[in-house]
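These notes are about the structure you will find just below.
A short reminder: the numbers here are calculations on the coordinates, not readings from a lab. Treat the numbers as computed from the prediction; the structure is a model and nothing was measured. Cβ sites come from the backbone with ideal geometry, for glycine too, and all protein chains shown count toward neighbours.
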Amino acid sequence: MKFRTTIGLEIHVQLKTKSKMFCRCDNESDKAKPNTNVCPRCLGMPGTLPVANRQAIEWTIKTGLALNCKINEKSKFDRKHYFYPDLPKGYQISQYDEPLCRGGKVDLRSSIFGPRSVRINRVHLEEDAGKLIHKDGSSYVDLNRAGTPLMEIVTEPDINTPFEAKKFLQELQLIVRYLGVSEASMEKGHLRCDANIDVKDDKGRMSEIVEQKNINSFRFIERALLYEEKRLQEKYLDWPKGKTKVTRGYDSKKDSTYEQREKEEASDYRYFPEPDVPEIEVKSEKLAPSKPEGLKVKSNGIDIEKIKAEIGELPEDIRKKLESFGVAEDIREKIASAPDHARYISDAKKVSQSLASWITNEVTAEIAAQKIRYEDYKNNVPITHLSDLLALVESGKISKNSAKGIFKEMVKSGKRAVEIIKESGLEQMEEDSGLEEIICEIFKKNPKEHQRLVDGDEKLIGFFMGEVMKETGGRANPGAIRSIILDIKQKKKG
Ligand SMILES: [Zn+2]
């Protein structure tokens, strides 16, 4: 029996705005005691009115644009009703039939499944609910999270393997991090994923659709889906006649899934338009160049062009750019998957393999060692300064080893490499600057080793190079030492 798996994802991304979605409470509750970061609005008290967070709306549009979506000119919020202890209002403000963004796509590349495009059905904005905490046989409600802005991204069922699902989720995490709209940490619950999976056989029969809710790690999403795929294939004789949906949870300890409840249909939520929040108008208005300065069009609408201009390079742009410079794939991926590195190279005209690998190794290590922020590092060592340093290594002016020391100093002081070299005399010795005398001196001090070298034991070259390096404090050019050693040896023989 041949099976085909279909997977669609619904991803919730917590936006890192300063305040919550419809009130002024701080949006950051990580360190707050339960129920201290709340106000009458996010507690859902009668008589309070929600005011939409403009930043959250703009960031959702920004994400939609980055995912190649069409932005709806008009959209609105709706009330989604359900009863649960962590939802004091009895409804959640969400978007139903007029979301902010529709119809996009994300391109994925992998050596395992090749190029693939996953279509996006919609991106909408809503508020999060509170949290239930179950402890010592009791249940507690913490409403600090209630009202946090949550962006929901829904894909079309274009994913065919659990591995692709994981890859998609990782790419999406990267994109929202590049955009700077969310920390998107799965461990902290900023990025949560529901997955819908079904399996069809070659006779066109279809299993039930299984929804797995709130999967909170990349590893678990792949494992939960692998488990479910296998389970559905094995029970194919019992597949239902009609289309049915069930919800199953994933138990990471047992690495298996268990049945939860029948999935609710949209009609169960009794959606209706939120009467207290006005419609969102999105306009694309560019000022005509002939308009006199200061005469701006006044509008409460959201300006798409302005948001577009803020998007900048995305992970796939970085990969392509590095590929065009001939940077190896593993290093391309390392840079693309670190938004800080990606932003760092965005000003560079050219990124060589050596510059790219210096960034992934030395820069990362030095930032960690000096315990500084990437921003501080970037201020002290703009990418052009780092390119200059590596050019000095390539031209043989300094050795790679002393470049590491100089780099440390650059990060600390913000000075350029040439200044540091001048100050500390680290410049490599020229071939004619007494290197030959030093080498002769070392030969005299080590007569036995010298004789073996003359007799043809090439291993001794390394020994003498080490001695010369010690003597010169690492300033001698290794190529020059080697050629002088071989030269003198040749002369001796002759
Ligand atoms: Zn509040």
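Some observations on this one:
- Taking θ as phi - 60° and the Karplus parameters 6.51, -1.76 and 1.60, the scalar couplings of the stretch 56-70 work out to 5, 5, 5, 5, 5, 5, 4, 5, x, 5, 5, 9, 6, 7, 8 Hz in sequence order, x denoting glycine and proline.
- 11 Å tail of the calculated P(r), the stretch 370-410, as % of Cα pairs: 65
- Farthest toward positive dipole pole in the chain [+1 Lys/Arg, -1 Asp/Glu at C-beta], among Ala369, Ala391, Gly8: Gly8
- Dimensionless Rg over Rh [the chain; C-alpha; Kirkwood]: 1.13
- For the chain, Cys23, Cys25, Cys39, Cys42, Cys193, Cys440 stand unpaired, since no other cysteine beta carbon lies under 4.7 Å from theirs.
- Cα-only radius of gyration and Dmax that characterise the stretch 10-159, units Å: 17.2, 56
- With the largest listed first and rounded to whole Å, the semi-axes of the equivalent ellipsoid of the stretch 315-424 from the Cα gyration tensor are 23, 16, 11.
- The three principal axes of the Cα atoms in the stretch 3-273 give end-to-end lengths of 57, 45, 34 Å, sorted in falling order.
- For Val154, Val176, Val38, order by how many other beta-carbon atoms lie within 10 Å, fewest first: Val154, Val38, Val176
- Percent of beta bridges antiparallel (DSSP, the chain, rounded to nearest 5): 90
- Electrostatic bookkeeping for Asp340 treats Lys and Arg as +1 and Asp and Glu as -1; over the other residues with beta carbon under 10 Å from its beta carbon, the sum is +3.
- Met186, Met465 arranged by Cβ crowding within 10 Å, fewest neighbours leading: Met465, Met186
- Look at His341, His124 and count the other Cβ atoms within 10 Å of each Cβ; fewest to most, that gives His341, His124.
- Shape descriptor for the stretch 435-493: Rg over Rh equals 0.92 (Cα atoms; Rh from the Kirkwood inverse mean 1/r).
- Shown in residue order for the stretch 339-346 are the 3J(HN,Hα) couplings computed by the Karplus curve 6.51 cos²θ - 1.76 cosθ + 1.60 at θ = phi - 60°: x, 4, 4, 4, 5, 4, 7, 5 Hz (x for Gly and Pro).
- Each Lys or Arg adds one and each Asp or Glu takes one away; over the other residues whose Cβ falls under 15 Å from the Cβ of Leu226, this sums to 0.
- Pairs of Cα atoms nearer than 8 Å and 6+ residues apart set the relative contact order; for the stretch 152-212 it is 17 percent.
- Signed unit charges on C-beta, dipole axis of the chain, positive-most listed residue Gly114, Val277, Ala195: Ala195
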